[in-house]
1. Of a type in the set (S, T, Y), surrounded by 12 or more Cβ atoms within 10 Å (Cβ to Cβ), out of contact with any helix residue (DSSP H, G or I) (no Cβ under 7 Å at 6 or more places or on another chain) and without any contact (Cβ under 8 Å) to a residue 24 or more places away in the chain: which single residue out of T9, T72, T14, T76 fits that description?
2. Pairs only if they're at least six apart or on different chains, beta carbon under 7 angstrom, first in region 137-149 and among the charged types (D, E, K, R) and surrounded by 11 or more Cβ atoms within 10 Å (Cβ to Cβ), second modelled with pLDDT under 95 and in a helix (DSSP H, G or I); list them, first residue then second.
3. Pick from region 150-167 the residues that are surrounded by 15 or more Cβ atoms within 10 Å (Cβ to Cβ) and in contact with a strand residue (DSSP E or B) (Cβ under 7 Å, 6 or more places away or on another chain): which of them is nearest to P115 (Cα to Cα)?
4. Suppose we keep only residues that are among the β-branched types (V, I, T) and more than 24 Å from the chain's Cα centre (by Cα) within region 41-75. Which one would you say is modelled with the lowest pLDDT?
5. For region 28-40, state whether one or more residues are out of contact with any Pro (no Cβ under 9 Å at 6 or more places or on another chain), closer than 28 Å to R99 by Cβ and surrounded by 16 or more Cβ atoms within 10 Å (Cβ to Cβ).
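The values are calculated or read from the model by the stated rules, or taken from the named source; none is laboratory data. What you are looking at is a predicted structure, and each value in this text was computed from that prediction instead of being measured. Because the Cβ atoms are built from the backbone with ideal geometry, glycine has one as well, and the counts that use them run over all protein chains shown.
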Amino acid sequence: MPNLTKTQTLILTTGAQRADNIAMPLPEGLHGAAAKKVVSMMIDRGWLEEVDADTRKGEPLWRETGDGHGTTLVVTDAGMLAVGIEPVVVKTMAAVRNRVAEKASSKASTLTPTPRSGTKQARVIALLERPEGASIAEIVEITGWLPHTTRGVISGALKKKLSLPVASEKIQGRGTVYTLPSR
C-alpha cells in the first residue's frame, strides 16, 4: 500500500463510500491551488479520474469546461486499492443498491390507485365517462362540493393521482365540460 497523506486518504475513502465513487466535494478547507495540486497528483498516479459530470443527477463539479458542462472526480479501482478497499466489494454493493432501487421504482409504478365504488369520486368519474361529459355545475350539483373543490379533484385526484386522461372543452351554454374516455 502506498504512502498517502491524510488528505489523500480522506478523499479516496470518502469517495469510495459515495454513489458512483464520486470524490467530490473535496474535504473542507481544501480549495484553490492546494486542491488543484493534490488532485493533479492523484490523477497522475491513477487514483482519481476526471469524468463528465451529470448535472441532472446533481453531481458536484470539479471544474467547468466552459461550454456549459463540467467535470467531476471519480475514485478509480487503483485509488480504492491504495486505501485498502477491494473494488469488487464496492461494485457489488453498488449493483445491490441499484437492484433495490429498480425494484422499488417498478413496484411503485405497478401500484396505481383505484377509486372505491359508491364514493363521490366514483360518481364524478361516472359523470365524466358519459358521452356528453359533465360541467363543473353538474358535478357541484351531484357532489355538493364547491366549484374550486371540484376543479381540484379533477386536476389532482383524477389526473395526477389516478392518471386518468380527463379532457376539457368549452361549450357554449354549458361552460367547460370535462370528459373521460370509458375505461
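1. T14
2. E138/L127
3. The qualifying residue nearest to P115 (Cα to Cα) is I154.
4. Filtering region 41-75 for residues that are among the β-branched types (V, I, T) and more than 24 Å from the chain's Cα centre (by Cα), the one modelled with the lowest pLDDT comes out as T65.
5. There is no residue in region 28-40 that is out of contact with any Pro (no Cβ under 9 Å at 6 or more places or on another chain), closer than 28 Å to R99 by Cβ and surrounded by 16 or more Cβ atoms within 10 Å (Cβ to Cβ).
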